[in-house]
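Student: Following this message is one structure expressed as structure tokens.
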Amino acid sequence: MKIALIGYGKMGKMIEEIAKNRGHEIVSIIDIDNQEEFESDAFASADVAIEFTAPQAAYGNYLKAFAKGVKVVSGSTGWMKEHGDDVKRMCSKEGKTLFWASNFSIGVAIFSAVNRYLAKIMNQFPQYEVSMEETHHVHKLDHPSGTAITLAEQIIENIDRKKEWVVGKVVNPDGSVSCCGTAAGLPDALTIDSIRRGEVPGIHTIRYDSDADMITITHDAHSRRGFALGAVLAAEYTKEHEGLLTISDMFPF
């Protein structure tokens, strides 16, 4: 398969390594300083472009790739609120293809399935209060993480007593603490606490706490390699499929 890379930071370089090891060809690499590469024949020859960039650049990158008939796999977050409807229309009515996920880790896909199932069970037990905590490296400035938001939305879909997620305690890279969302602590709000420390690839913990006991599930990433492998697997899947695709399409459990 011919792959184009959009974004060539740590994740892009790791994706390149894994893709080559799996027998794929990298035909184009686009970063901030060579945007003209979108117009190249090499980029247009790609079966799939894998895109990991900043939220403000992602949607424009999709448009440039779609214009060349290139399918896109993307892990960029933060664009969906403003451009989600446009992307859904392009994928459903204009023949474009985007595989989007807030997290491509196989382990997170499994964790998400467990999260959905546990939330359905806990809907029957209102004595348990649910909360979430996510921890990432100090270079990640946004909070909560895209993965935490996805997990929270799954809980809200399955627990009737929760109507929205809100920002809770935020521990900043310098150790200072800021707090909290205006709805934090309200019975129908799911609070997400965020911690930024060290070089942590990503830890997501969901707690169900009652007077009697507490149930906790956690996904703890050892490195970014799992995310990169998942992105390449998604590209392999996307080559053979069309439309707006997600992890649940690739892993239907």
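Student: Dipole of segment 62-188 (Lys/Arg Cβ +1, Asp/Glu Cβ -1, origin at the Cα centre): which of LEU63, GLY75, LEU141 lies farthest to the positive side?
Tutor: LEU63
Student: Which whole-number percent gives the relative contact order of segment 163-230, counting Cα pairs below 8 Å spaced six or more residues apart?
Tutor: 25 percent
Student: To the nearest 10 degrees, how steep is helix 55-67 against the longest Cα principal axis of the chain, on a 0 to 90 scale?
Tutor: The helix 55-67 is inclined about 40 degrees to the chain.
Student: Applying the Karplus parametrisation 6.51 cos²θ - 1.76 cosθ + 1.60 with θ = phi - 60° to the phi angles of segment 154-169, what ³J(HN,Hα) value in whole Hz is obtained for each residue in order, glycine and proline being reported as x?
Tutor: Using θ = phi - 60°, the values come out as 5, 5, 4, 5, 10, 10, 4, 7, 10, 10, 7, 9, 9, 6, x, 6 Hz.
Student: Hey, can you rank 80-86, 28-34, 58-64, 211-217 by average C-beta count inside 10 Å, highest first?
Tutor: The most tightly packed comes first, giving 58-64, 28-34, 80-86, 211-217.
Student: Order 11-22, 242-253 from most to least packed using the mean count of other Cβ atoms within 10 Å.
Tutor: 11-22, 242-253
Student: Suppose the chain between GLU36 and GLU17 were pulled fully straight at 0.36 nm per residue; how much longer would it get relative to their current alpha carbon spacing?
Tutor: In short, 4.5 nm is gained.
Student: What is the packing order of peptides 94-104, 39-49, taking the mean over residues of other C-beta atoms within 10 Å and listing the highest first?
Tutor: Output ranking for 94-104, 39-49: 94-104, 39-49.
Student: Carbon and sulfur atoms: what percent of the 1.4 Å accessible area of segment 132-253 do they account for?
Tutor: Carbon with sulfur: 53 percent of the solvent-accessible area.
Student: Any idea of the accessible area per residue across segment 92-233, 1.4 Å probe, to the nearest Å²?
Tutor: 48 Å²
Student: I've got another one for you. Rounded to the nearest 20 Debye, what is the dipole magnitude of segment 107-253 about its Cα centre when Lys and Arg each give +1 and Asp and Glu each give -1 at the C-beta?
Tutor: Magnitude of the dipole: close to 200 debye.
Student: Another question about this same structure. In the full protein assembly as shown, how much of TRP165 is accessible to a 1.4 Å probe, in Å² to the nearest 10?
Tutor: 80 Å²
Student: Another question, if that's okay. With both bridge residues required to lie in the chain, what share of the DSSP beta bridges run antiparallel, to the nearest 5%?
Tutor: Within the chain, antiparallel bridges account for around 35 percent of the total.
Student: In addition: Starting from the Cα of LYS169, draw a straight line to each of the aspartates and glutamates and keep only those under 14 Å, dropping any in the same chain fewer than 8 residues away.
Tutor: Output for LYS169: GLU133, GLU134, ASP142, ASP193.
Student: Given the pairs LYS96/LYS163; LYS13/LYS93; LYS13/LYS68, which are separated by over 26 angstrom at their Cα positions?
Tutor: With Cα atoms farther than 26 Å apart: LYS96/LYS163; LYS13/LYS93.
Student: Which of the lysines could be linked to LYS10 by a straight reach, that is with a Cα gap under 20 Å, when you skip same-chain ones fewer than 8 residues away?
Tutor: Straight-distance partners of LYS10: LYS20, LYS140.
Student: Note the listed values [x] 21.3, 65; [y] 19.1, 73; [z] 19.1, 64, then indicate which one is Rg and Dmax of the Cα atoms in Å calculated from this particular structure.
Tutor: Recomputing Rg and Dmax of the Cα atoms in Å here picks out [z].
Student: Among the aspartates and glutamates, which fall within straight-line cross-link reach of LYS2, defined as a Cα-Cα distance under 16 Å, with same-chain neighbours fewer than 8 residues apart omitted?
Tutor: Cross-link targets: GLU16, GLU17, GLU25, GLU37, ASP41, ASP47, GLU51, GLU236, GLU240.
The values are calculated or read from the model by the stated rules, or taken from the named source; none is laboratory data. As the structure is a computational prediction, the values presented were derived from the model and not from experiment. Because the Cβ atoms are built from the backbone with ideal geometry, glycine has one as well, and the counts that use them run over all protein chains shown. When the accessible area is computed, the model is the full protein with side chains, heavy atoms only, and any ligands, DNA or RNA have been set aside. Shrake-Rupley method; radii C 1.70, N 1.55, O 1.52, S 1.80 Å.
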